[in-house]
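Laboratory data are not the source of any read-out in this text; all were calculated from the coordinates shown. Here the structure is a predicted model, which means the values were calculated and not measured. Quick reminder, even Gly has a Cβ in these numbers, built from the backbone with ideal geometry, and neighbours come from all protein chains shown.
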Amino acid sequence: MFLLAGLVSVPSTSAATPTMKVHFINVGQGDATYIKMPGGEDVLIDGGRQGQGDEVIAYLKKQKVDDIEIMIATHPDADHLGGLDEVLKAYKVESVYAPKVAHTTDAYANFLKAVKAEKLTIKTAKVGVKLPLKTVTAKFVGPTREYGKTDLNNWSAVLHVTYNKNKFLFTGDAEKASETDMVKAKQTLLADVIKVGHHGAKTSSNADFLKVVKPKYAVISVGKNAYGHPTADVLNRYKPYKATVYRTDQKGNIIFTSTGTKITVATVK
């Protein structure tokens, strides 16, 4: 009997699991987060202060971003949407989401002008609104109600993203009133990674809120400031969860990579 060589069947290796990459960009005392979704979409949450658009654009270009499917302005504060007007001019943006609250600052006016120039209409970011993304579930869990014209932080668009077993929570500057309302409304808040609210101010990251979030990682987007952010009080609130805390003022850009079941972290100064 002759044996024919080379006819052994070898199972083909499955395609690599697509990853979700979350980049907390170091913009100093402000917020800017870029997410490359596992389905290929590009999402930008906030864009730093006025005049920082160029920094955000340079970072996005380094990541080979060619367009932005979804842009989210969490609320009208200048250290969150200040750079978004420049990003809108530099990139084709398909959809813009923001809470339905206005402000009188130049930064907010410039943002609105840039949105209008791109012939876009702002979609309302509020509880229950889902983002049209493949592979992940992404929905706003806040704001759950209106907070008045002067309480801008609690108007923050709070986004929860689930990729298989991994969960991320992006909180903007949401403070105690919003956090309490989200808990009362039984929103999905459990998260492996939380973007710490309001740069680590003592008015955010309240104990009852963190009991529901149960974070394993906490990211504080912060720079040199006169407010004492992040406060020792807030840092202590994360200790019961043994959460690993990352700060942009100490680590630079902070990048989380999720396979849907495993999370790894890298930092780049």
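Scanning the range 85-101 for residues that are aliphatic (A, V, I, L, M) and either assigned to a strand (DSSP E or B) or touching a residue at least 40 places away in the same chain (Cβ under 8 Å) (or both) returns V87, V93, V96, A98, V101.
Given the criteria part of a loop (DSSP other than H, G, I, E, B), among the aliphatic types (A, V, I, L, M) and surrounded by 15 or more Cβ atoms within 10 Å (Cβ to Cβ), does L133 qualify? When the stated conditions are applied, L133 passes them.
Could you list, in sequence order, all residues of the range 185-222 that are touching a residue at least 24 places away in the same chain (Cβ under 8 Å), assigned to a helix (DSSP H, G or I) and either under 22 Å from L133 (Cβ atoms) or more than 16 Å from the chain's Cα centre (by Cα) (or both)? Matches in the range 185-222: A207, D208, F209, L210, V212, V213. The number of residues in the range 198-227 being in contact with a strand residue (DSSP E or B) (Cβ under 9 Å, 6 or more places away or on another chain) and either surrounded by fewer than 20 Cβ atoms within 10 Å (Cβ to Cβ) or of a type in the set (S, T, Y) (or both) comes to 4. Applying a threshold of 7 Å to beta carbon distances and a minimum spacing of six or more residues, or different chains, the list of pairs starting in the range 48-64 at a residue that is over 22 Å from I220 (Cβ atoms) and ending at one that is surrounded by fewer than 18 Cβ atoms within 10 Å (Cβ to Cβ) reads I57/A90.
Taking the criterion of being hydroxyl-bearing (S, T, Y) and surrounded by 24 or more Cβ atoms within 10 Å (Cβ to Cβ), no residue of the range 34-60 qualifies.
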